[in-house]
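Notes to accompany the following structure.
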């Protein structure tokens with residue numbers, strides 16, 4: 001299953017003390033207070049295993065991949081391709097050829113827009129996204145629709161932050177070429193019914209891309225079960241380094257797509273008359289890749305798999321329920337996004353206090369939250385707020401940290417009283 | 001809490017709660033929008049000039065307490081000043097909030113001195129100066145919107 005549910009789920013057996021010790025940054029103080037890191041939807045902290053793996057790569061294995069016949073190049077290539085196998089297993093993809101390494105979710109989506117989109121979207125065609133997308137799943141489609149004279153259509157959202165499936169179904173006519181939907185909303189925490197939405201899109205003959213930037217960190221992702229055509233995610237939101245991401249694509253689709261960027265590694269042979277492109281997935285990996293990032297990503301996924309992805313999801317779900325209940329006790333606080341199916345991301349506004357001021361005051365308490373529009377300005381407009389505060393919980397957060405957040409918010413109220 | 005009290009001084013909290021000149025100015029000679037795309041602060045500054053003298057400044061929009069209070073204090077401080085005086089005041093104010101106090105004459109600042117605590121919060125300098133940047137653009141009279149990025 002690819003979804004989390006709002007009702008209390010199975011108890012987690014996560015050994016939180018051990019887990020917290022795995023993340024060295026959690027031991028540091030910020031402004032004289034113990035760090036309470038609740039900005040995991042922006043980026044996650046890195047476990048020692050990932051840090052060590054990158055150090056080992058540079059200390060013992062550093063070389064370019066797919067190039068030399070020398071020993072280190074073989075070792076580096078093996079580590080790099082080993083990470084691809086880990087990603088393939090993590091997503092339950094059919095083949096490593098379906099796993100393309102990119103710079104992140106944004107690049108993955110742009111790759112599909114520029115390569116698949118340019119070839120398959122034409123004048124009068126339609127692309128469907130939703131009202132709760134991150135800018136990275138809006139702008140690439142606007143660009144290609146503008147270029148081709150296609151129409152971008154938006155699935156509306158209700159006051160709880162849930163997409164209207166009725167409206168979605170009505171939109172799915174034969175002009176629709178592609179549906180691009182976030183797995184989990186970074187701003188609201190809504191878990192979208194992507195399996196059902198994919199099924200509906202396929203029935204209408206459309207291709208489906210899932211923006212999984214927030215999906216992979218919060219639950220089991222099985223691309224075969226979802227049956228989506230593309231799935232994009234970033235390493236740094238799932239305890240891996242920044243600058244690395246993944247595009248999963250069904251083999252037949254990737255095969256038919258033209259390369260996006262040209263350069264080294266994506267070719268079989270080059271002459272000034274004709275260049276033959278490399279096979280999958282290398283066709284889409286021009287230039288020397290982020291080798292340390294890819295190896296770090298493999299290690300991060302191995303780490304999470306060791307804890308148990310479902311176990312992590314259950315732990316975070318408990319935090320979501322607990323923190324939601326505690327936050328609701330605060331007078332004047334409103335949670336934006338109350339979908340029945342939610343991940344551990346809580347957006348909120350506090351009467352009479354701008355989120356930016358909340359962020360500054362919480363920071364003085366060592367509490368890191370995000371404040372702003374969360375790269376989802378159309379969504380902020382829909383809910384008629386200029387910005388929100390957002391606490392997003394990761395696998396190392398605790399109920400005690402939710403309590404500290406609540407205490408911090410009482411300090412905010414005190415300053416502004 | 002002491003740094004926070006320095007930042008959120010009573011003058012700021014008061015101007016945030018009851019911003020002065022917080023209205024549109026129909027038929028204004030100049031109207032400029034200012035954005036801080038990072039945090040979503042967004043104000044429109046309206047300006048009427050009498051020759052080189054600022055006759056009236058009003059503003060609308062939304063943002064954090066620092067940005068709103070700054071816009072409010074600014075709007076009442078620059079009224080009656082010449083363009084050059086207003087620009088000079090902005091330079092002084094900018095020095096104050098960025099912690100470059102060597103050149104700041106406290107007497108010149110008046111209520112603007114309430115923003116001295118901002119210098120301890122580098123992330124908030126843009127909030128304190130957004131309205132001022134917008135006003136400067138309005139005084140120059142060439143653009144209709146600016147951003148802090």
Somewhere in the range A:59-67, is a residue over 18 Å from residue A:289 (Cα atoms) and not in a helix (DSSP H, G or I)? no
Members of the range A:151-189 found to be more than 21 Å from the chain's Cα centre (by Cα) and buried (at least 23 other Cβ atoms within 10 Å of the Cβ), listed by number: none
Whether any residue in the range A:299-310 is closer than 26 Å to residue A:184 by Cα and in a loop (DSSP other than H, G, I, E, B) is what I want to check. yes
Do we have residue A:385 as within 11 Å of chain B (Cβ to nearest Cβ), in contact (Cβ under 8 Å) with a residue 24 or more places away in the chain, in a loop (DSSP other than H, G, I, E, B) and surrounded by fewer than 24 Cβ atoms within 10 Å (Cβ to Cβ) here? yes
Matching residues in the range A:334-372 - criterion: being within 14 Å of chain B (Cβ to nearest Cβ), touching a residue at least 60 places away in the same chain (Cβ under 8 Å) and within 19 Å of residue A:213 (Cα to Cα): A:347, A:369, A:370
Give the number of residues within the range A:327-375 that are in a helix (DSSP H, G or I) and crowded, with 17+ Cβ neighbours inside 10 Å. 11
Mind telling me which of the residues B:47, B:13, B:96, B:25 ends up being out of contact with any strand residue (DSSP E or B) (no Cβ under 9 Å at 6 or more places or on another chain), more than 14 Å from every other protein chain (Cβ to nearest Cβ) and either more than 17 Å from residue A:353 (Cβ to Cβ) or buried (at least 16 other Cβ atoms within 10 Å of the Cβ) (or both)? B:96
What residue, among those in the range A:250-282 that are touching a helix residue (DSSP H, G or I) at 6+ places or on another chain (Cβ under 6 Å) and under 14 Å from residue A:95 (Cβ atoms), is surrounded by the most Cβ atoms within 10 Å (Cβ to Cβ)? A:281
Going through the range B:59-71 in order, the residues found to be within 20 Å of residue A:358 (Cβ to Cβ) and either more than 14 Å from every other protein chain (Cβ to nearest Cβ) or touching a strand residue (DSSP E or B) at 6+ places or on another chain (Cβ under 7 Å) (or both) are B:61, B:62, B:63, B:64, B:67, B:71
Of (1) under 19 Å from residue A:356 (Cβ atoms); (2) within 16 Å of the chain's Cα centre (by Cα), residue B:56 fails just (1)
Out of the residues in the range B:28-41 that are surrounded by 19 or more Cβ atoms within 10 Å (Cβ to Cβ) and facing another protein chain (nearest Cβ under 10 Å), state the one that is nearest to residue A:408 (Cα to Cα). B:39
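Only the coordinates and a few stated rules stand behind these numbers; no lab work does. The structure presented is a predicted model; accordingly, all values stated were derived computationally and were not measured. All Cβ positions, glycine included, derive from the backbone under ideal geometry; neighbour counts span all protein chains shown.
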